[in-house]
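*Asks:* Structure in structure tokens, see below.
The values are calculated or read from the model by the stated rules, or taken from the named source; none is laboratory data. Given the structure is predicted, the values throughout are model-derived calculations rather than measurements. When we count neighbours, we look across all protein chains shown, and the Cβ atoms used for this are built from the backbone with ideal geometry, even at glycine. Only protein heavy atoms, including side chains, enter the accessible area calculation; ligands, DNA and RNA are left aside. Shrake-Rupley method; radii C 1.70, N 1.55, O 1.52, S 1.80 Å.
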Amino acid sequence: MIEGKIPLLGERFPDLEVQTTNGRMKLPNDFAGRWFVLFSHPADFTPVCTTEFVAFQKRYDRFKAMNCELIGLSIDQVFSHIKWKEWIKEKLGVEIQFPIIADDTGSVAEKLGLIHPSKGTNTVRAVFVVDPEGIVRLIIYYPQELGRNIDEILRAVEALQISDKNGVAMPANWPNNELIGDHVIIPPASNEETAKDRLEKSKAGEFECYDWWFCHKKL
């Protein structure tokens with residue numbers, strides 16, 4: 001990654017040493033061999049962020065079942081994070097178990113492009129999905145006023161893992177696509193011979209095709 005440039009899809013997540021509610025951590029090295037989702041939030045003790053943290057925690061076991069960790073971030077101090085976690089546990093009965101980065105200097109937010117001046121001085125709601133090799137696979141930015149759909153982030157991690165394992169692409173709204181249901185998409189043919197072979201295999205029932213460039217199958 002070029003120094004001073006925010007990470008892009010397909011690039012290595014930048015090497016960062018951060019202070020978290022679990023102590024000092026080095027990213028992405030401390031998550032080597034595991035997927036992780038780093039998500040930023042505007043501020044502790046705010047309503048939308050509180051709903052998001054509860055939603056992430058309630059799905060934490062599902063992320064971990066996919067070998068995926070969670071780590072939050074805002075420009076609050078670690079003392080604020082700790083007190084907010086205590087408040088959530090006391091008032092809402094939910095114990096936040098994943099670490100939260102305390103980026104009180106704003107240096108991490110700057111490196112990751114999390115401050116958008118036209119949207120204020122706090123971090124926007126960014127999501128980075130990083131694979132076990134430390135490569136950025138998905139980036140989403142939400143404005144402060146819009147809470148995230150955590151189930152979509154779960155879906156994205158699962159879909160990326162299936163895509164990697166099987167060499168396939170995933171349709172819109174997978175696994176509930178309007179055209180092909182829970183099927184996955186076979187990458188388009190790159191030459192005429194493969195295109196003809198696709199149609200023959202479709203006739204043989206190996207997979208289904210609308211045409212040679214749009215073939216799909218059930219895993």
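*Asks:* May I ask for the distance between the Cα centers of the range 4-64 and the range 100-160, given as a whole number of Å?
*Replies:* Using only Cα atoms, the two centres lie 8 Å from each other.
*Asks:* Rounded, prolate or oblate: which fits the range 41-134 when a ≥ b ≥ c are the square roots of the eigenvalues of the alpha-carbon gyration tensor, with rounded for a/c under 1.5 and prolate only if a/b beats b/c? Can you show the working numbers first?
*Replies:* Details: a/c = 1.86, a/b = 1.12, b/c = 1.65.
Here the range 41-134 falls in the oblate category.
*Asks:* What accessible area per residue comes out for the chain, rounded to a whole number of Å², with a 1.4 Å probe? Provide the component values of the computation, followed by the final result.
*Replies:* Numbers: 11500 Å² over 219 residues.
Heavy-atom accessible area per residue stands at 53 Å².
*Asks:* For the range 148-219, which GluC sites (Glu not before Pro) are both in a DSSP coil and crowded by at most 16 other Cβ atoms within 10 Å? Intermediate results must be reported in sequence, preceding the final value.
*Replies:* Values: sites: Glu152, Glu158, Glu178, Glu192, Glu193, Glu200, Glu206, Glu208; in loops: Glu178, Glu206.
When the GluC sites (Glu not before Pro) of the range 148-219 are filtered for loop state and at most 16 Cβ neighbours within 10 Å, Glu178, Glu206 remain.
*Asks:* Given H placed 1.01 Å from N in the peptide plane, which residues other than close sequence neighbours of Gln144 have an amide H under 5 Å from its amide H?
*Replies:* Amide H neighbours of Gln144, under 5 Å, 5+ apart: Arg125.
*Asks:* Note the full-extension length gain between Ala189 and Phe214 as 0.36 nm times their separation in residues minus their Cα-Cα distance, in nm to one decimal.
*Replies:* Working: separation 25, 0.36 × 25 = 9.00 nm, distance 0.91 nm.
Working it through step by step, the gained length comes to 8.1 nm.
*Asks:* Give a residue-ordered list of calculated ³J(HN,Hα) values for the range 176-185 (Karplus: 6.51 cos²θ - 1.76 cosθ + 1.60, θ = phi - 60°; whole Hz; x for Gly, Pro).
*Replies:* Going residue by residue, I get 10, 6, 5, 9, 10, x, 9, 5, 10, 9 Hz, with x marking Gly and Pro.
*Asks:* To continue, here is another question. Quantify, in whole percent, the carbon and sulfur part of the accessible surface of the range 139-219 (1.4 Å probe; protein heavy atoms only).
*Replies:* Working: 2560 of 4990 Å².
Ligands and nucleic acids excluded, carbon and sulfur give 51 percent.
*Asks:* At 7 Å along the Cα-to-beta-carbon direction for both Gln97 and Arg34, put a label point, then send me their distance in nm to one decimal.
*Replies:* 1.1
*Asks:* Here is a follow-up. Search the structure for amide H atoms under 5 Å from the amide H of Leu138, placed 1.01 Å from N in the peptide plane, and list their residues when 5 or more places away or on another chain.
*Replies:* Val129
*Asks:* Is it possible to state the helix-based mean residue ellipticity at 222 nm for the chain, with each DSSP H run of 4+ residues giving -39500 (n - 2.57), the sum divided by total residues, to the nearest 500 deg cm²/dmol? What is it? Can you show the working numbers first?
*Replies:* On the way: 6 runs with 68 residues, N = 219.
Rounded to the nearest 500, it is -9500 deg cm²/dmol.
*Asks:* Testing the spin-label approximation: label points 7 Å from Cα along Cα→Cβ at Arg59 and Arg12. State their distance in nm.
*Replies:* 3.0
*Asks:* For Lys5, give me every one of the aspartates and glutamates with a C-alpha distance below 17 angstrom, ignoring sequence neighbours fewer than eight places off in its own chain.
*Replies:* Asp15, Glu110
*Asks:* Still on this structure, please answer the following. Report, please, the projected area of the chain averaged over directions, based on the convex hull of its C-alpha atoms, in nm². Working shown, then result.
*Replies:* Working: hull surface 56.6 nm².
Over all viewing directions, the chain projects a mean Cα-hull area of 14.1 nm².
*Asks:* For Glu69, what residues show an amide H to amide H distance below 5 Å, using hydrogens built from the backbone and excluding near sequence neighbours?
*Replies:* For Glu69, the qualifying residues are Trp35, Phe36, Val37.
*Asks:* May I ask for the net charge around Glu145, where only other residues with Cβ less than 10 Å from the Cβ of Glu145 are counted and Lys, Arg are +1 while Asp, Glu are -1? It would help to have the intermediate numbers written out before the result.
*Replies:* Numbers: positive: Lys119, Arg125; negative: none.
So the environment of Glu145 carries a net charge of +2.
*Asks:* What's the ranking of 48-59, 88-99 by average number of surrounding C-beta atoms within 10 Å, highest first? Mind showing how you got there, number by number?
*Replies:* On the way: 48-59: 18.0, 88-99: 14.3.
Packing proxy ranking, top to bottom: 48-59, 88-99.
*Asks:* Shifting gears a bit: First check a/c for the range 109-154, with a ≥ b ≥ c the square roots of the eigenvalues of its C-alpha gyration tensor; if it is under 1.5, answer rounded, and if not, answer prolate when a/b is larger than b/c or oblate otherwise.
*Replies:* On the way: a/c = 3.73, a/b = 1.38, b/c = 2.71.
Cα axes put the range 109-154 in the oblate bin.
*Asks:* Going out from 0 in 5 Å bins, what whole percent of all Cα-Cα distances in the range 105-219 drops into each bin?
*Replies:* Histogramming the range 105-219 at 5 Å steps yields 2, 10, 16, 16, 14, 12, 10, 8, 6, 4, 2, 1, 0 percent.
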